[in-house]
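The structure appears below as structure tokens.
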There are 2 protein chains.
Amino acid sequence: MTEFPGPHPHIAALEPYVPGEQPHGDGWVKMNTNEFPYPAAAGVVEAIRREAADSIRIYPDPVCTLLRETLAEHHGVEPSRILVGNGSDEILRMLFHAFVGQGRRVAIVRPTYTLFEVLAGMFAANIQNHELAPEHERLPESLFDEKWDACFLPLPNPPLGSVFPDGDLDRLVGTGRMIILDGAYQDFSEYADPLERHADRPNVVFTRTFSKSYGLAGLRVGYGIAVAGVITDLHRIRDSYNVNRVSQAAALAALEASGYYRERCDQIMKSRRQLAQDLTALGFRVHPGQANFLFARHPRAEIIFRELKGQKILVRYFDQAGLKDGVRITIGGPKENQVLVNALKSMDLNGY
Amino acid sequence: MTEFPGPHPHIAALEPYVPGEQPHGDGWVKMNTNEFPYPAAAGVVEAIRREAADSIRIYPDPVCTLLRETLAEHHGVEPSRILVGNGSDEILRMLFHAFVGQGRRVAIVRPTYTLFEVLAGMFAANIQNHELAPEHERLPESLFDEKWDACFLPLPNPPLGSVFPDGDLDRLVGTGRMIILDGAYQDFSEYADPLERHADRPNVVFTRTFSKSYGLAGLRVGYGIAVAGVITDLHRIRDSYNVNRVSQAAALAALEASGYYRERCDQIMKSRRQLAQDLTALGFRVHPGQANFLFARHPRAEIIFRELKGQKILVRYFDQAGLKDGVRITIGGPKENQVLVNALKSMDLNGY
């Protein structure tokens, strides 16, 4: 493709991450990329408008001081233990860059967030897949048998939204190896936040995002929490001004409106229970997921995905082993959920 | 610092890039980080305000379609030849990641943008410094004598704002090796854009930013232009949603107001000539720089820097060989430039 000298072989061989479709045009019911279905808090809208000012010509605070201080208070940790990123994907990339990379072994469960495999390729790390049992009830025993340097585990874990018993997690953390717990969906979980249980473990890194439970996917803000030494190492490889002014201000305003967002998350959890019932009644086998989506299995999953898309209802279909018999459905607002259920009801689900 | 497994040695050894100071509080005359001294175009402010809407909960366009199309038209290249980044620093990082990295040799002139050395360290590349002659009139001959894989060269080159003869640049490009020309300050130059001369060379990558001549430092937008194959390789290692919605919209609006920004850049170039005269009259030796800053040498440079800071006027001082006898001054609006000149006049510059 290129010469002079051309990309590194491990880069040239890379299959990029494929994000969910962002359709153009109006009229779509978008239940494919786990976005927040409710409007932003008034304070967030106001904060963005306030940034439309002379100050945009000035570089942002390179270390997000105010946002970090507020996050620190929110989570009960020191500000020096927090690093803010251009989405939590940036934090995850930096973790691979600094701590995983060439020649090191990174363990992931399968299925999981598909970005991890891309990041491993990007930094020439050796990836180790540990297959989850069909219902994802426990962490795979192989994870405890084999040698690896770091383990990336989302909790809840997509695309099923699984959580695992505290005992399994304690055992993983107890290995003393580097454990990255991605809590992108934690705010939708009925289970306790692992951050509360393991906050002070020097080998554990927690990543979080404003994209899901704070509805700021369009603005790209995420963060990591770890011991200060890990944060210091990540700062070394951070783009100098990685989080822009507007996003810093909006995230701060979102945190200040956390009561509003908590209520909406509670509503999403309630809608999740309702939607799970409705889907079950329609013949789907629904995993008891703890995120803002449900994985619903059906023998005709791929056809259902396409037929819904024909009706401008987007859900996510994964053409990969163990997932081909299901669709991942983002929980919408009550109205969107009803549109989906009505569309499914109007299909002859067993008669294709 | 950390174990389990701890950062890679080349990361642990890294001295992070030190950005110019962003002072807190009001009343500062900020001439230290080469920001744009004029207000944003009305359309830019309006574009940001328009994004304060329901759509912020939706992920941004991952490949900045509209912005790329408009940039493509602006530069007369195909959209597939453009990659937009979270600042041009992100593009530069991606270039190091994909094309330079471990075991490869990267050539830079010295002095230059100090980020290159940090990026080389970040990706374990071998950096090769080529000292510029005192007045930076020509590219160093050593650059043509030695072997390297890629060369990063800003044009104009900070912190003096130097440009080099076309013949030198032709010779560099003619090596066929990978040449990255960072045009962050091109819009302030009286010399022709190297993009016009070398746009179709498969070994040349051009980087640009909205931070300087479009006054969007606070929003983080930059881009790279290269042959489509290079852009494809960079996409493989791009964070999925690297440019947020507001920044995409603001950059697009800035491009649409390019007449406004061109006029302000012309004013900055005019002010640069005036300021150079004023500084020369005050006893400084001023390099004929082509950027939105001037490097002004004076035996008392460090003291002048500190004394100005005491008056809440920030300029940049580099405590490094070849630069200790000067300060880098961002061209402000006419009023700020006058404040600086008055402050300097009130000092007894020779009488310390």
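The values are calculated or read from the model by the stated rules, or taken from the named source; none is laboratory data. Bear in mind the structure is a predicted one, so any value in this text is a computation, not a measurement. Positions of Cβ are generated from backbone atoms using ideal geometry, with glycine treated the same way; all protein chains shown enter the neighbour counts. To get the accessible areas, we keep the full protein, side chains included, count just its heavy atoms, and leave off ligands, DNA and RNA. Shrake-Rupley method; radii C 1.70, N 1.55, O 1.52, S 1.80 Å.
Rolling a 1.4 Å probe across all protein chains gives A:Arg197 an accessible area of roughly 130 Å².
Placing a label point 7 Å from Cα along the Cα-to-Cβ direction at B:Pro23 gives distances to the equivalent points in the other copies of 5.3 nm, listed shortest first.
Dividing the radius of gyration of the alpha carbons in the stretch A:113-156 by their Kirkwood radius gives 0.96 for Rg/Rh.
Buried surface for the A/B pair, taken as the accessible area of each chain alone minus that of the pair with a 1.4 Å probe, is close to 6800 Å² in total. Taking the alpha-carbon centroid of each part, what is the distance from the stretch B:87-106 to the stretch B:257-282 in angstrom? Distance between centres, Cα-based: 33 Å. Please work out whether the protein assembly as shown counts as rounded, prolate or oblate from its C-alpha gyration tensor, where a ≥ b ≥ c are the square roots of the eigenvalues and a/c under 1.5 means rounded, while otherwise a/b larger than b/c means prolate and anything else oblate? It comes out prolate by the Cα gyration axes.
The residues A:Ser346, B:Ser213, A:Ser142, sorted by heavy-atom accessible surface at 1.4 Å with ligands and nucleic acids left out, run A:Ser346, A:Ser142, B:Ser213 from largest to smallest.
Build a GNM of chain B with springs between Cα atoms under 10 Å apart, and of B:Glu15, B:Glu69, B:Glu256 the one that fluctuates most is B:Glu15.
The mean number of partner chain beta-carbon atoms within 10 angstrom of a residue's beta-carbon across peptide A:117-127 is 2. Based on Cα contacts under 8 Å between residues 6+ apart, chain B shows a relative contact order of 23 percent.
For the pair B:Asp26 and A:Asp348, a Förster radius of 51 Å applied to the C-beta separation gives a FRET efficiency near 0.15, rounded to the nearest 0.05. What the Cβ-Cβ distance of B:Val18 and B:His74 gives, at R0 = 30 Å and to the nearest 0.05, is a FRET efficiency of 0.40.
Accessible area per residue (1.4 Å probe, heavy atoms of protein chains only) ranks A:Lys309, A:Lys147, A:Lys324 as A:Lys147, A:Lys324, A:Lys309, with the largest value leading. Of B:Lys212, A:Lys312, the residue with the largest accessible area leads and the full order is A:Lys312, B:Lys212 (1.4 Å probe). Of interest is the spacing of the C-alpha centroids, which for the stretch B:25-45 and the stretch A:1-59 amounts to 26 Å. Using θ = phi - 60° in the Karplus curve 6.51 cos²θ - 1.76 cosθ + 1.60, the 3J(HN,Hα) couplings for the stretch A:129-140 round to 8, 10, 5, 6, 4, x, 9, 6, 6, 10, 5, x Hz; x is entered for Gly and Pro. Counting, for every residue in A:224-230, the Cβ atoms of other protein chains within 10 Å of its Cβ and taking the mean gives 2.
Computed log10 I(q)/I(0) for the stretch B:213-322 at 0.17, 0.20, 0.22 Å⁻¹: -1.00, -1.10, -1.18, from the Debye equation with unit scatterers placed on every C-alpha and solvent omitted. Dividing the convex hull volume of the alpha carbon atoms of chain A by its residue count gives 157 Å³ per residue. Taking every DSSP beta bridge that has both residues in the protein assembly as shown, what percent is antiparallel when rounded to the nearest 5? Of those bridges, close to 45 percent are antiparallel. In terms of the Cα gyration tensor, with a ≥ b ≥ c the square roots of its eigenvalues, is the stretch B:292-352 rounded because a/c is under 1.5, prolate because a/b exceeds b/c, or oblate? Here the stretch B:292-352 falls in the oblate category. Between A:Asn157 and A:Ser162, A:Val163, the built amide H atoms are under 5 Å apart, and every one of these is 5 or more places off in sequence or on another chain. Pairs exceeding a 26 Å alpha-carbon distance, out of B:Lys147/B:Lys212; B:Lys312/B:Lys335; A:Lys30/A:Lys270: B:Lys147/B:Lys212.
If a/c stays under 1.5 just call it rounded; otherwise compare a/b with b/c (prolate if a/b is bigger, oblate if not). Do that for the stretch B:58-122, with a ≥ b ≥ c from the square roots of the Cα gyration tensor eigenvalues. Please list the in-between numbers first.
Working: a/c = 2.48, a/b = 1.95, b/c = 1.27.
Prolate, since a/c reaches 1.5 and a/b exceeds b/c.
The calculated P(r) of the stretch A:114-218, using every Cα pair and 5 Å bins from 0, goes 2, 11, 21, 25, 22, 13, 5, 1, 0 in percent.
Counting only protein heavy atoms and a probe of 1.4 Å, the accessible surface of the stretch B:47-105 is 45% carbon and sulfur. Take A:Glu135, push a point 7 Å out from Cα through the beta-carbon direction, and compare it with the same point in every other copy: 8.2 nm, smallest first. Distance from the Cα centroid of the stretch A:208-237 to that of the stretch B:158-233 is 31 Å (rounded to whole angstrom). A Gaussian network model of chain B, with springs between Cα atoms under 10 Å, assigns the largest mean-square fluctuation among B:Tyr59, B:Tyr191, B:Tyr113 to B:Tyr59.
With a 10 Å cut-off around each Cβ of A:147-154, the average count of Cβ atoms from other chains is 1. Annotation: the antiparallel percentage among DSSP beta bridges lying fully within the stretch A:69-192 is about 5. Surface composition of the stretch B:219-352: carbon plus sulfur atoms contribute 49% of the solvent-accessible area (1.4 Å probe, protein chains only, all chains present).
The phi torsions of the stretch A:312-326, fed into the Karplus equation with coefficients 6.51, -1.76 and 1.60 and a -60° offset, translate into couplings of 6, 10, 9, 10, 10, 10, 10, 7, 9, 3, x, 10, 5, 9, x Hz, rounded to whole numbers, with Gly and Pro shown as x.
Counting only Cβ charges, +1 for Lys and Arg and -1 for Asp and Glu, the dipole size of chain B around its Cα centre is about 480 debye. For the protein assembly as shown, the dipole from Cβ point charges (+1 on Lys and Arg, -1 on Asp and Glu) about the Cα centre works out to 580 debye, to the nearest 20. Across the options A:Gly20, A:Gly259, A:Leu308, the greatest Cα extent toward the positive end of the charge dipole of chain A (unit charges at beta carbon of Lys, Arg, Asp, Glu) belongs to A:Leu308.
Across the stretch B:164-178, rounded Karplus estimates of 3J(HN,Hα) from the backbone phi angles (6.51 cos²θ - 1.76 cosθ + 1.60, θ = phi - 60°) give 10, x, 3, x, 4, 5, 4, 5, 5, 4, x, 5, x, 7, 6 Hz, Gly and Pro being marked x. A label point on B:Thr65, set 7 Å along the Cα-to-Cβ line, lies at 4.1 nm from each of its counterparts in the other copies, closest listed first.
DSSP beta bridges confined to the stretch A:142-215 are antiparallel in about 10 percent of cases. Think of each Lys and Arg Cβ as +1 and each Asp and Glu Cβ as -1; about the Cα centre, that makes the dipole of the stretch B:65-220 roughly 540 debye.
Note that chain B presents 37 Å² accessible area per residue, ligands and nucleic acids not counted, probe 1.4 Å.
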